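Asker: This is the structure I have questions about; it appears just below.
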Amino acid sequence: MNTSAPIGVFDSGMGGLSVLREIRALLPHEHLFYIADSGHAPYGDKTLEYVQQRALLLTSFLLEQGIKLLVIASNTTTAASAEVLRANFSVPIVAMEPAIKPAVAATKTGVIGILVTVATSESTRFSSLLKRFGQDVRLVTQTAPGLVEQIENGDLDGPQTRALVKKYTTPLLAAGADTIVLGSTHYPHLRPLLTDVVGPAITLIDTGRAVARQVQHILDTHGLANLTSEPGRERFWTSGDLALSQRVIMRLWGQAIDLQSLPAAYS
């Protein structure tokens, strides 16, 4: 495969940009193609079959663009679709899961709060994760309906978003959590607000950096790393409203972007 081929990344919307940012920081010479499936967000309240269908479609589109590696930048989609995608496509696939293992290593109180979508909380993959790493600590799971939608609308610090953050973190703090796992790729976009609400003494952990390191490892192992000295470029697609997506992605990404609508067959 051509080492200058892009890395494909997708999420139900803007959340995966938190992962894309970590990949870009670690791999400045790689080309990155990103799909924000905002027209179908949030995935957290969709059926398993629905999420799998979207994952298969988006992966097919990215493969048509010539990607050399796929990143599922979504905990919900990983839980629903990772095995299905690996069974149907031969491209290397990097999936993700809530960062419970590093949270266990970080906690001092032995109590860990986990913010997740409803779909992630109900998945067998998540249940397995809790059993694997929760033996010697107390894990307090909190679903957070509405947070993804706030981020998709570009509201990272408004009164309604702040109220939701306070509502969902209060039970975790009351239980004695000193570490909170951000179990959706959307939630790291709220890190400044979360820190303001819960205080700087609470450790916030997500998996974006670990995913970037895994991408680097696979590229190196398979001889797929782009060895050029030229900076990598990005391309973005959305299934949602183009004007809204442009505004929100530019805010989250921090610079001008090339954003296109997904073709109708994939939207």
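Asker: Starting with the fewest neighbours, write out HIS31, HIS186, HIS40 ranked by other beta-carbon atoms found within 10 Å of each beta-carbon.
Answerer: HIS40, HIS31, HIS186
Asker: Compute the long axis of helix 124-133 from its Cα atoms, compare it with the longest principal axis of the Cα atoms of the chain, and write down the angle in degrees, 0 to 90, nearest 10.
Answerer: Helix 124-133 sits at roughly 60 degrees to that axis.
Asker: If you don't mind, there's one more thing I want to ask. In degrees, nearest 10, range 0 to 90: what is the angle between the Cα axis of helix 208-221 and the longest Cα principal axis of the chain?
Answerer: Taking the Cα atoms of the chain, the angle to 208-221 is about 40 degrees.
Asker: Using a Gaussian network for the chain with springs between C-alpha atoms less than 10 Å apart, which of these wobbles most: THR141, THR120, THR109?
Answerer: Highest fluctuation among the options: THR109.
Asker: Right, something else. Out of SER121, THR169, VAL111, whose Cα points farthest toward the positive end of the dipole of the stretch 100-206 (charges: +1 Lys, Arg; -1 Asp, Glu; placed on Cβ)?
Answerer: In the stretch 100-206, that residue is VAL111.
Asker: How much net charge surrounds LEU129 when only other residues with a Cβ under 12 Å from its Cβ are counted (Lys, Arg +1; Asp, Glu -1)?
Answerer: Cβ neighbours under 12 Å give a net charge of +3.
Asker: Return the Cα extents of the stretch 100-206 along principal axes one, two and three, sorted largest first, each rounded to a whole Å.
Answerer: 38, 30, 19
Asker: Over the alpha-carbon set of the chain, work out the extent along each principal axis and list the three values in angstrom, largest first.
Answerer: For the chain, the Cα extents along the three principal axes come out at 51, 39, 38 Å.
Asker: Separate question: For helix 159-174, what angle does its Cα long axis make with the longest principal axis of the chain, in degrees from 0 to 90 and rounded to 10?
Answerer: 60
Asker: Can you give the FRET efficiency to the nearest 0.05 for VAL91 and THR170, using r as the Cβ-Cβ distance and R₀ = 35 Å?
Answerer: After rounding to 0.05, the efficiency reads 0.25.
Asker: Among VAL19, VAL215, VAL137, which comes first, second and so on when ranked by fewest other beta-carbon atoms within 10 Å?
Answerer: Sorted ascending by nearby Cβ count, the order is VAL137, VAL215, VAL19.
Asker: Based on the Cβ-Cβ distance from HIS222 to GLU83, what FRET efficiency comes out when R0 is 25 Å, to the nearest 0.05?
Answerer: Between HIS222 and GLU83 the formula returns 0.75.
Asker: Shifting gears a bit: Placing +1 at every Lys and Arg Cβ and -1 at every Asp and Glu Cβ, with all other atoms neutral, what dipole size does the stretch 100-206 have around its Cα centre, in debye to the nearest 20?
Answerer: Charge dipole, the stretch 100-206, about its Cα centre: 400 debye, nearest 20.
Asker: OK, next. Multiplying the sequence separation of ASP155 and ASP45 by 0.36 nm and subtracting their Cα-Cα distance, what value in nm do you get?
Answerer: Here the answer is 37.6 nm.
Asker: Could you give the size of the charge dipole of the stretch 1-149 about its Cα centre, using +1 on the Cβ of each K and R and -1 on the Cβ of each D and E, expressed in debye and rounded to the nearest 20?
Answerer: Once rounded to the nearest 20, the dipole reads 440 debye.
Asker: Can you give the charge dipole size of the chain about its Cα centre, rounded to the nearest 20 debye, using +1 on the beta carbon of Lys and Arg and -1 on the beta carbon of Asp and Glu?
Answerer: Using only the charged Cβ atoms, the result is roughly 520 debye.
Asker: For the chain, build the charge dipole from Cβ charges (+1 Lys, Arg; -1 Asp, Glu) around the Cα centre, then report which of ALA25, LEU224, PRO98 sits farthest towards its positive end.
Answerer: PRO98
Asker: Given the options TYR50, TYR187, TYR168, state which has the largest fluctuation in a GNM of the chain using a 10 Å cut-off (strictly under) for Cα springs.
Answerer: In this elastic network of the chain, the residue with the biggest mean-square fluctuation among TYR50, TYR187, TYR168 is TYR50.
Asker: Could you work out the local net charge near LEU172, counting Lys and Arg as +1, Asp and Glu as -1, over the other residues with Cβ closer than 12 Å to its Cβ?
Answerer: +2
Asker: Calculate the length of the line joining the C-alpha centroid of the stretch 191-235 to that of the stretch 1-26, in whole Å.
Answerer: Between the Cα centres of the stretch 191-235 and the stretch 1-26 lies a distance of 9 Å.
Asker: Among PHE33, PHE89, PHE61, which one moves the most in a GNM of the chain with springs linking Cα atoms closer than 10 Å?
Answerer: Greatest mean-square fluctuation among the candidates belongs to PHE89.
Asker: Please report ASP258, ASP196, ASP178, ASP11 as a ranked list, fewest other C-beta atoms within 10 angstrom at the top and most at the bottom.
Answerer: ASP258, ASP196, ASP178, ASP11
Computed from the coordinates by the stated procedures, all read-outs in this text should not be read as laboratory data. In this text the structure is predicted, and so the values were computed from the model without any measurement. Because the Cβ atoms are built from the backbone with ideal geometry, glycine has one as well, and the counts that use them run over all protein chains shown.
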